[in-house]
Amino acid sequence: MQKLLELYSDMTSGAISGWDRIRFRGTIRWLASTQGINSYLGSQGMLIKDFGHWAQEITQRVRSACAGQADKLGIPMKYLDRSGVNKEALARQIAEEREIDTGDICMFSVQENCWAPEVKGNRSKKTLELKVRKRRCVFIYHYWNDPVIGFGHTRLQTWLPLSVTLCVNGRHWLERQLLAESIDYLKDGNCFPFIGDPVRAQELLDKQLCTNWPALLNPLLRRNCPVIDNLFGTSPLQYYWSADETEWATDVCFRSVADLERIYPSLLRHALVTAQSPSVLRFFGKRTTPNGKIPGSAPREILSDHRSRYEGVRIKHWVNGNSVKAYNKAGNLLRLETTINNNRDFKVFRHPDDDESRPASWQKMRKGVSDLHRRAQVSQACNDRYAEHLAAAAVNETLHQVAADVCRPVRRKKRRFRALNPWAPEDYEILRFIAAGEHTVNGFRNRDLRNHLYPETTGNNDTAHRNRLSGRVTRRLAMLRAHGLIKKVPRTTRYVLTAKGQKVSAAILAASAADSQQLMEMAA
């Protein structure tokens, strides 16, 4: 991220990173499975045949409590006849009509699909059993504009297991923090085209990471349904909170819309041309082999997509349900955003099973809020890698200005090196290789470039032939160093791309990807 900000320092006024949307799920773990429900019924001395009547009573108490709470809060409770209604837009409309700036807005009740237990007969065993199946039940939506965290909603399933979804937006939360500190800002949807003090805004976003999430979420649930803690008599059951989906956004604020519009097409082209499958994996911190292969079990598919939306033009890359994307928003914002749905793709350093007597090690990341701090670290690292990859497209000069220098012979340490020919097959492949995103973090070695240019050497036992090709690659690397396109990492055998190398490779690759008609139009 720092490299991107340095390259565009004359155009940008700063950047902020933090939570965008977080979708929390609340679960009563004892009732979250048929085995758990059977265990609970047994502890209460209740037969399976009585489950339906008991569950119906629970549902009626929940719905009555929500309706009573709506009356107590003085907000409307509306029944929606279809689940496809845009509930957020409707809630905002009601808030505007009722001039609600802070506080409770409304409740909706609507029938939607869910997974829920019900009693079924087993003919072979001649017994009754609990089975979880897809069915429809009533959900209660409670929309609010909280004085601390801003606009959001709670969604409560009124049939067992009484699952809860609670959505919080970090940018709405930041707005409340800015208001509390009297910091000037402009807000467009869930982003800020202008913040008077971006350094302080980042500090406020960082404070969100220190939140005691259960202490924040439980009162919001009770405000929706006050009886939720007393539904089970002398056996109160607590909710376990997890993060089903998280979005972590970095907003780079440009001083003018024109500045972003001028460079954004080159960023898109660069991402489309160079962000191949190994590169996308590197964005998410995954390792690749020296020749760009994916070790171990590879993902079923790695997707990249480019499309125009009402917010702007965006490019997005998916791996195993997780994604990273970039798009222009609110005119002058470049937003980089990492979305994590499949948290098991990442790891966290912790004690196994939270047993402090066992040594800490890298464990699979959990959805529970206790690992939410690690999600933030992983998401920011992903945004940083993607930003560094896009920084290679930082080209404000013409192609002639950028590439003219490397297309002439050069002398370095009294030795003459030939000119680079970007349109020659081998030189073009070299440029494409060094610009690839998988080399952004750890660089590359002679062997990596050799395997790319001469794939037949991979696994070849002819040592003499392999050594001859390695010598040829060494001369190519010396040429690239003489032209200032790459530099050697001290005390290693690895090379990384220089700022000049980023500009040259990005410009040439972008030009090679455009057809003659596009080049003529851009030159006009």
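Among Val148, Val62, which is the only one that is at negative phi, not in a helix (DSSP H, G or I) and not small (Gly, Ala, Ser)?
None of the others qualify; the one that does is Val148.
Identify all residues within region 63-83 that are surrounded by 16 or more Cβ atoms within 10 Å (Cβ to Cβ), under 15 Å from Arg222 (Cα atoms) and of a type in the set (A, V, I, L, M); write none if there are none.
The answer is Ala65, Ala70, Leu73.
Those residues that are closer than 28 Å to Lys367 by Cβ, part of a strand (DSSP E or B) and in contact with a helix residue (DSSP H, G or I) (Cβ under 9 Å, 6 or more places away or on another chain), I need them from region 1-45; list them, please.
Ile16, Ser17, Gly18, Trp19, Asp20, Arg21, Ile22, Phe24, Gly26
Out of all the residues in region 345-365, is one or more at pLDDT 95 or above, within 27 Å of Arg494 (Cα to Cα) and either in contact with a strand residue (DSSP E or B) (Cβ under 8 Å, 6 or more places away or on another chain) or not assigned by TED's automatic domain parsing to the domain that holds Ala435 (or both)?
Within region 345-365, not a single residue is at pLDDT 95 or above, within 27 Å of Arg494 (Cα to Cα) and either in contact with a strand residue (DSSP E or B) (Cβ under 8 Å, 6 or more places away or on another chain) or not assigned by TED's automatic domain parsing to the domain that holds Ala435 (or both).
Can you give me the number of residues within region 478-524 that are of a type outside the set (A, V, I, L, M), surrounded by 13 or more Cβ atoms within 10 Å (Cβ to Cβ) and modelled with pLDDT of 75 or more?
Residues in region 478-524 being of a type outside the set (A, V, I, L, M), surrounded by 13 or more Cβ atoms within 10 Å (Cβ to Cβ) and modelled with pLDDT of 75 or more: 13 in total.
Does region 335-378 hold any residues that are charged (D, E, K, R), over 28 Å from Gly312 (Cβ atoms) and in a helix (DSSP H, G or I), and which are they?
Matches in region 335-378: Arg344, Asp353, Asp354, Asp371, Arg374.
Restricting attention to region 302-334, which residues are part of a loop (DSSP other than H, G, I, E, B) and over 16 Å from Arg282 (Cβ atoms)?
Hits for region 302-334 are Arg309, Tyr310, Glu311, Gly312, Gly321, Ala330, Gly331, Asn332.
Quick check on this structure: which one of Ala201, Ala180 is small (Gly, Ala, Ser), over 20 Å from Arg23 (Cβ atoms) and touching a residue at least 60 places away in the same chain (Cβ under 8 Å)?
So the residue among Ala201, Ala180 that is small (Gly, Ala, Ser), over 20 Å from Arg23 (Cβ atoms) and touching a residue at least 60 places away in the same chain (Cβ under 8 Å) is Ala201.
With respect to Ile183, determine if the residue is assigned by TED's automatic domain parsing to the domain that holds Arg63 and either β-branched (Val, Ile, Thr) or assigned to a helix (DSSP H, G or I) (or both).
The answer is no for Ile183.
Inside region 462-498, can you point out the residues that are of a type in the set (Gly, Ala, Ser) and not in a helix (DSSP H, G or I)?
Once the filter is applied, which keeps residues that are of a type in the set (Gly, Ala, Ser) and not in a helix (DSSP H, G or I), region 462-498 yields only Gly484.
Do you know which of the residues in region 208-230 that are at pLDDT 90 or above, more than 19 Å from Arg176 (Cβ to Cβ) and of a type outside the set (Val, Ile, Thr) is nearest to the chain's Cα centre (by Cα)?
Looking at residues that are at pLDDT 90 or above, more than 19 Å from Arg176 (Cβ to Cβ) and of a type outside the set (Val, Ile, Thr), I get Pro214.
Looking at region 186-210 only, could you name the residues that are surrounded by fewer than 17 Cβ atoms within 10 Å (Cβ to Cβ) and closer than 19 Å to Asn328 by Cα?
Leu186, Lys187, Asp188, Gly189, Phe194
Quickly run through region 317-352 and pick out the residues that are among the basic types (Lys, Arg) and farther than 22 Å from Ser304 by Cα.
Result: Lys347, Arg350.
Buried (at least 20 other Cβ atoms within 10 Å of the Cβ) and at pLDDT 90 or above: is that true of Leu372 in this structure?
yes
The values are calculated or read from the model by the stated rules, or taken from the named source; none is laboratory data. Everything numeric here is computed off the predicted structure, so don't read it as measured data. Don't worry about glycine lacking a Cβ; one is built from the backbone with ideal geometry, like all the others, and counts go over all protein chains shown.
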